[in-house]
Each structure stands twice: as C-alpha cells, then as structure tokens.
1. Residue by residue through the stretch 84-105, note down the ones that are more than 17 Å from the chain's Cα centre (by Cα) and over 18 Å from V57 (Cα atoms).
2. Give the residue, chosen from V24, V57, that is at pLDDT 75 or above, surrounded by fewer than 17 Cβ atoms within 10 Å (Cβ to Cβ), in a strand (DSSP E or B) and among the aliphatic types (A, V, I, L, M).
3. Taking the stretch 98-154, which residues are open to solvent by less than 50 Å² (accessible area, probe 1.4 Å), touching a residue at least 60 places away in the same chain (Cβ under 8 Å) and part of a strand (DSSP E or B)?
4. I'm trying to understand the selection: among the residues of the stretch 63-96, which are closer than 13 Å to G114 by Cα and not in a strand (DSSP E or B)?
5. Which condition from (1) modelled with pLDDT of 95 or more; (2) farther than 15 Å from S21 by Cβ is the one that G134 breaks?
6. Residue check: is F102 within 13 Å of H75 (Cα to Cα) and touching a Gly at 6+ places or on another chain (Cβ under 6 Å)?
7. If G109 satisfies every condition in (1) at pLDDT below 95; (2) under 17 Å from the mean Cα position of the chain (by Cα); (3) not acidic (D, E) but one, which is the exception?
Amino acid sequence: MSNSSLEKKVLIPETFSADPSANVFNGKIYIYPSHDRDIVLEHNDNGDEYMMEDYHVYEMADVDTMPRDCGMALHIKDIPWASIQAWAPDCAEKNGTYYFYFPARDKQGMFRLGVATSKNPAGPFKAEPEPIKGSYSIDPCIFPDDDGQYYLTW
C-alpha cells in the first residue's frame with residue numbers, strides 16, 4: 001500500500017493535542033492526549049514552550065466515528081503537588097476504578113508522575129495528594145499483563 005492511498009484523518013482538530021494513549025473500555029475507544037495551549041514561548045532543551053495545563057478525554061464508539069470531547073478530566077490546579085506542564089498521560093482500569101497516570105512538574109520544577117482516579121473512563125479524575133514515590137520522568141505507560149499484574153513504565 002502506498003502512502004498516497006492511505007486516508008489521513010485529524011481526530012482532534014479543535015485543540016492542540018499530543019502524545020495520546022488510547023484504550024478500549026466498555027466497548028468504546030478512549031483517547032488520552034496532552035492538551036497544549038496556543039502560546040508562543042522560546043524553544044529550549046527543557047520543553048518550557050509546551051505549557052499543557054489540563055487533560056481532556058475523547059471517546060469514540062468505533063474507528064469510523066469521530067471522537068467526542070468528554071470535557072476536562074483533570075486540571076493542573078487540582079493536582080496538589082504540581083506546578084506546571086501536565087504532559088502525556090495513560091489510563092488503566094482495575095475493579096471498576098480508572099487509574100489515570102500523568103507527568104507534571106512538581107513545586108521544585110522536577111517532572112514527577114502522578115495518579116488520579118475515577119469511576120468513569122472519561123473522568124473527572126481526582127489526583128492523589130503526592131506524586132508516585134521515586135518517579136522522576138515523563139510519558140508513563142501502564143501495562144496490564146495477562147497474569148493480572150500491572151506494570152508502569154516511563
């Protein structure tokens with residue numbers, strides 16, 4: 001198949017969304033991207049120009065349906081330990097609770113990983129009061145293994 005024959009779709013044209021994870025929960029596809037603001041800041045090696053401050057979750061009934069914005073699922077102001085930059089998240093379900101993993105800069109400017117929970121895959125999510133102990137990075141990925149164990153990588 002040539003590139004010219006591939007159909008290109010912009011799934012989320014109304015906002016700046018990046019680094020999505022996608023999961024199937026309850027027979028629907030849920031997309032969890034970061035949500036960048038339309039601002040101009042000088043580029044540097046710290047990524048300071050990417051000023052994501054909230055998360056929206058998008059729901060799709062199937063691959064032929066455009067995503068529906070389920071609204072704001074979590075905002076940086078509702079994360080007690082975070083200061084700025086809510087970057088690429090992921091989500092998993094266990095026993096009817098949805099666990100939303102995300103990176104953000106803490107009050108000292110270090111990227112840490114946090115977790116927030118909800119009974120709904122679209123949120124809203126409530127963040128834990130502290131980041132995950134020992135986590136200093138970005139781009140978490142939660143992997144539910146066939147044996148019932150969950151693995152968080154970044």
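The values are calculated or read from the model by the stated rules, or taken from the named source; none is laboratory data. Everything quoted here is computed from the prediction, not taken from an experiment. All Cβ positions, glycine included, derive from the backbone under ideal geometry; neighbour counts span all protein chains shown. When the accessible area is computed, the model is the full protein with side chains, heavy atoms only, and any ligands, DNA or RNA have been set aside. Shrake-Rupley method; radii C 1.70, N 1.55, O 1.52, S 1.80 Å.
1. K94, N95
2. Step by step, each of V24, V57 is checked, and only V24 is at pLDDT 75 or above, surrounded by fewer than 17 Cβ atoms within 10 Å (Cβ to Cβ), in a strand (DSSP E or B) and among the aliphatic types (A, V, I, L, M).
3. Y98, F100
4. Selection gives I76, D78, I79, P80, W81, Q85, A86, W87, A88, P89.
5. Just one mismatch for G134, condition (1).
6. It is true that F102 is within 13 Å of H75 (Cα to Cα) and touching a Gly at 6+ places or on another chain (Cβ under 6 Å).
7. (2)
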